[in-house]
1. When the residues of region B:57-90 are narrowed to those that are surrounded by fewer than 19 Cβ atoms within 10 Å (Cβ to Cβ) and in a strand (DSSP E or B), which ends up farthest from the other protein chains (Cβ to nearest Cβ)?
2. Here is a list of conditions, (1) within 11 Å of chain A (Cβ to nearest Cβ); (2) in contact with a Gly (Cβ under 7 Å, 6 or more places away or on another chain), and B:LYS125 meets all of them except one; can you say which number that is?
3. Anything in region B:98-115 that is farther than 22 Å from B:LEU26 by Cβ and either facing chain A (nearest Cβ under 8 Å) or among the hydroxyl-bearing types (Ser, Thr, Tyr) (or both)? List them, or say none.
4. Only one of A:SER178, A:SER145 is modelled with pLDDT of 75 or more and of a type in the set (Ser, Thr, Tyr). Can you tell me which?
5. So in region B:206-234, with the set limited to residues that are in a helix (DSSP H, G or I) and acidic (Asp, Glu), which one is farthest from B:THR30 (Cα to Cα)?
6. Going through region B:98-112 one residue at a time, which ones are surrounded by fewer than 19 Cβ atoms within 10 Å (Cβ to Cβ) and under 16 Å from B:LYS134 (Cα atoms)?
7. For B:VAL95, work out the one condition from (1) crowded, with 22+ Cβ neighbours inside 10 Å; (2) facing chain A (nearest Cβ under 7 Å); (3) in contact with a Leu (Cβ under 7 Å, 6 or more places away or on another chain) it doesn't fulfil.
8. May I ask you to list the residues in region A:17-55 that are surrounded by fewer than 22 Cβ atoms within 10 Å (Cβ to Cβ), within 17 Å of A:GLN146 (Cα to Cα) and within 14 Å of chain B (Cβ to nearest Cβ)?
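The values are calculated or read from the model by the stated rules, or taken from the named source; none is laboratory data. Everything quoted here is computed from the prediction, not taken from an experiment. Here Cβ is always computed from backbone atoms with ideal geometry, including for glycine, and neighbour counts include all displayed protein chains.
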Amino acid sequence: MTGLVKKDLYLSLSMFKSYVAVAAVFAALTAFGIYDISFFVTYVSIMCIMIPVNLFAYDEQARWDKYAAALPSGRAGVVKARYLLTILVCAGSLVFSLLLQLIVALVSGAQGQARVDLLLSGLLPAAYGCFMNAILLPLLFRFGSQKARLYLILVLGVGVGVIFGGLTGLKEMGLSLSALRFPLFVLPVVGLLALIPSYLFSKRIFFHRDL
Amino acid sequence: MANLIEVRGLCKNYGDFCLDHVDLTLPGGTILGLIGENGAGKTTTIKAILGLIHRDGGSVQVLGREVTEGSDFREDIGVVLDESAFHDPLKAPQVGKILAGAYRNWDAPLFDAYLDRFGLPRNKKIKEFSKGMKMKLSIASALAHHPRLLILDEATAGLDPVVRNELLDEFLTFIQDEDHAILLSSHITSDLEKAADYVTYLHRGRAVLQGAKDELLDTYGRLVCSRADLAAVDPALLEGTRVSQFGCEALVKDRQAFRRRYPELTVDPVTLEDIMVFTVRGDEA
């Protein structure tokens, strides 16, 4: 099964360079105040979803699933590997966005509550990635990346709306992210937990599919 | 000689196509050729053997174990599917590392040796590989964990004769061990004539013919005669006929018996392709 995760990592790495380059540009623009921080947070969140989705597309193109299911880890290995990769991507985005938020905080000279807000918003992409993948992965296992595209747009739209709207709403109400400190801290953990029923559901779907 | 694959009464219904009570046995030290026209059920049979589809009936045993999701026979089989399953951005050494994490018995030096033997570049992405190179990589991957059983679906399709012969030699070397066997599906019947010990012919989801290849080729015959001669022949001795303005051809079921009954008529040896073509025609008539 580690081989399947390795395969996903190799493929992710081939996509990752361009994602990171764009993220770096957004981060720089955010640091100089051209974009709001929520814009960057949204970008990293989308990245967490696009990597697993693109892996499904790569697998379909190569007709990998049939081959992978014939490997010793079987169908269970295919599903397990995809969820492990998703967790790794979300964990990576957490480290990445926290580091960048820290840099942004240092560069912009944000102090006190503003600095806490920046770091808190760094938790959002990983939490968002876990939640959205928990919904999307079973759909991708069921319908494949082509047919699941509609659901992807829907889930992305709703998710981005919630984050963007939420951040804007807080600002309009004169509140900062610190007001939601506890929910924001536990959100990535809750997202991670949401992947458990999602995994069981995906496994059930994939086991019943003719490949 | 133990059977490495035993399929009994395999059924799978897709609505517009069904696999109808297919039986199949693969003894150790042999190659079983699965032949049939496109859409005859070869790939469906292989998928059922690998547990990639849910069968509607029958039993499938591989290496003495019933095929289920949890069964551990997959560690001992090498699989080549009709198209290379490796992703375009990957390179051959990366494929080796991926499969090293998939098989307990992965032999990295052996994989490297196959890459050298097949002349596969290590620094090129798979998207730059020719079809033959991709197939060779698939075969190197299928062999590098010391499998006992190879399951190859159209592994020689689309390859030039030189590469096909190279691969067939590899397969013949593999089955020198009595504990090894190969299930090879192909519609290139000349490949199976070279390599297969047994043949199963699938037609419209049914195994219409099976047996030892040499026996089949010895038993069947190809009658070439005039319309008048054909009209005089007992149709029960024939499998299928082809009538053209230049003469008639027919597939004779038992060459020796036919010669005894009609010594004046010429019966030539057949190829597997003849058997396939005439059986299809006989079925369409």
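1. Filtering region B:57-90 for residues that are surrounded by fewer than 19 Cβ atoms within 10 Å (Cβ to Cβ) and in a strand (DSSP E or B), the one farthest from the other protein chains (Cβ to nearest Cβ) comes out as B:SER59.
2. In the conditions (1) within 11 Å of chain A (Cβ to nearest Cβ); (2) in contact with a Gly (Cβ under 7 Å, 6 or more places away or on another chain), B:LYS125 misses (2) alone.
3. Once the filter is applied, which keeps residues that are farther than 22 Å from B:LEU26 by Cβ and either facing chain A (nearest Cβ under 8 Å) or among the hydroxyl-bearing types (Ser, Thr, Tyr) (or both), region B:98-115 yields B:ILE98, B:LEU99, B:ALA100, B:GLY101, B:ALA102, B:ARG104, B:TYR114.
4. Matching residue, one of A:SER178, A:SER145: A:SER145.
5. B:ASP229
6. The answer is B:ASP112, and nothing else.
7. Of everything listed in (1) crowded, with 22+ Cβ neighbours inside 10 Å; (2) facing chain A (nearest Cβ under 7 Å); (3) in contact with a Leu (Cβ under 7 Å, 6 or more places away or on another chain), B:VAL95 misses just condition (2).
8. A:ASN54
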